Amino acid sequence: MACATCSSGSPGGCQNNGHCATGGCNKMNTYDWLSEYDFEDPTGTDIIELSFKKGARKEFFRNHPTHPAQTKDFVVVDTGTGYDVGEVSLTGELVRLQMKKKRTKEQTITFPVIRIANDRDIERLNEYRRLEKSAMVRARAISATLGLDMKISDVEFRGDGRKATFYYTAEGRVDFRELVRLYAKEFQVKVEMRQIGARQEAGRIGGIGSCGRELCCSTWLMDFKSVNTHAARYQNLSINQAKLSGQCGRLKCCLNYELDTYMEAIEEFPQDVDVIRFQGGSASLIKMDIFKRLLYYSVEVERGRNTMVALPLERVKLIKDMNLKGQLPDQLIDPKDIVAEEEKYDFADVTGVIELPDHKKKRNKKKNKPGEKREGFQSSGQQQPQNRSDRPRRDDQKPRPPRDDNQPRPTRDENQQRPKRDDQPRQRRDENQPRPPRDPQQPRPDQRQQQQRQDQGAVKPTDGSTPQGQPKKKKNNRNRNRNRGPRPEGDRPPQTPPAS
């Protein structure tokens, strides 16, 4: 059965996390099968079970004496401080069974059913249901501003809109007195705070488990038992916190479902069979398959090389009894008890399409942009050495003749190679040896170049401007005396004091 917004039993916009598959859009659905029969129960009861907010909360009420409500009817009930609207989920003898399960006595049920709900009651109820999501978001923001370590998981408005119940989860006790005053001022309703656990929160929200079915806590499970890691160890499950935890963040409740069956089956297995001995050596227990009654042992075939052997439970008991008597069997595996290996099925090619092998793509080399020259190559395509040490040395080590500055520099063909030098190393001057004394009458190299320019007709003007309107170049004398040795004290010209 699906709701009005669903088709073929799948959710179509009802935002109820897939609960349509369990008979409707409600959580904790129950089937009142006794109501299908046309007979009256003489020992029946006037107590009915009502479902609020699509099964998120269920309570018991007294049915109306003159106009009794039937299953699937919406009724208006008295809650002591107002009225609420709910749906009848169970009637008759099934209510007694449900009360016995929840350990509820009939004397404690006093609130009656007022009447059958009309269209206006259901319309107002839907209006308040639409306000619950925005109220939960606003409630979380207010609790965050106060810095409280709690989480608002759900909000439920009563049918008359005068009361709101805020469900929250927290690790410990929370002082929410100031929070209640802010909630009452913000929502203008009576506020009730109710703390629930992580499993109850998952049951109210709902969802799909790792098995592909709806959560047990939102469909049928109402009493939550403690679950520990011993349940996983008895079932030979790996202790993986991510796989053993449910949507609530706790261990899955389904770990306890088959625990009793495993406990009964494991009683037949002996406890002291971790190591068994035979004439070929010893075998160590690796794992057990409880339902196939097999034990897997590791046997050392060669030094540093082991193999795994599957032994039946009866064979292991027989070898253990022989070891206790001081006897060793000839073989670990009885030829009559050889376990045939299971056939492994692999995927087959049913399409008939030939699959080509994958080829690794070669990484493309870095391409030069247009206009750029590749390192180590000339424009003509000939490769040149990248380092100066790789260049061919000249054969002659003689000093070059002085070049006349007036004559133009001869042009050399690009393809013409330079003459090779001799392999003899060039003689270098010792840096620690001082330079010979310089004649103060002889002009310096820079003065010599200036004198040559003056001889050629380039007279330096006295006003500081450059000839032909050229900009004046700044002299770089920073490295002037870098390679010069220390000047002898006797040859240093006398310094004249500055004029005052």
| task | Evaluate the stretch 93-105: report whether one residue or more is touching a strand residue (DSSP E or B) at 6+ places or on another chain (Cβ under 8 Å), in the same structural domain as Glu49 (by TED's automatic domain parsing) and assigned to a loop (DSSP other than H, G, I, E, B). | result | yes
| said: What are the pairs with Cβ atoms under 7 angstrom where one residue, in the stretch 237-252, is loosely packed, with under 13 Cβ neighbours inside 10 Å and the other, located anywhere, is assigned to a loop (DSSP other than H, G, I, E, B) and among the polar types (S, T, N, Q)? Sequence gap at least six, or different chains. | reply: Ile239/Thr229
| note | When (1) over 28 Å from Thr229 (Cα atoms); (2) exposed (fewer than 14 other Cβ atoms within 10 Å of the Cβ) are applied to Val309, the one that fails is (2)
| task | Report, by residue number, each residue of the stretch 175-195 that is surrounded by fewer than 16 Cβ atoms within 10 Å (Cβ to Cβ) and part of a loop (DSSP other than H, G, I, E, B). | result | Asp175, Gln188
| request: For the stretch 212-235, state whether one or more residues are of a type outside the set (S, T, N, Q), surrounded by 19 or more Cβ atoms within 10 Å (Cβ to Cβ) and under 22 Å from the mean Cα position of the chain (by Cα). | output: no
| note | Over the stretch 150-174, the set of residues outside any strand (DSSP E or B) and either basic (Lys, Arg) or over 20 Å from Ile205 (Cβ atoms) (or both) is Arg158, Gly159, Asp160, Gly161, Arg162, Gly172, Arg173, Val174
| field | Residues satisfying the stated conditions in the stretch 171-204, i.e. of a type in the set (Val, Ile, Thr) and out of contact with any strand residue (DSSP E or B) (no Cβ under 7 Å at 6 or more places or on another chain) | value | Val174
| Under the condition of being under 30 Å from Asp121 (Cα atoms) and of a type in the set (Val, Ile, Thr), which residue from the stretch 142-157 is farthest from the chain's Cα centre (by Cα)? | Val155
| Which condition number does Glu132 fail, the rest of (1) more than 45 Å from the chain's Cα centre (by Cα); (2) of a type outside the set (Lys, Arg); (3) closer than 17 Å to Ser51 by Cβ being met? | (1)
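The values are calculated or read from the model by the stated rules, or taken from the named source; none is laboratory data. This structure is a prediction, so every number in the text was calculated from the model and none was measured. All Cβ positions, even for glycine, are placed from backbone atoms using ideal geometry, and neighbour counts span all protein chains on display.
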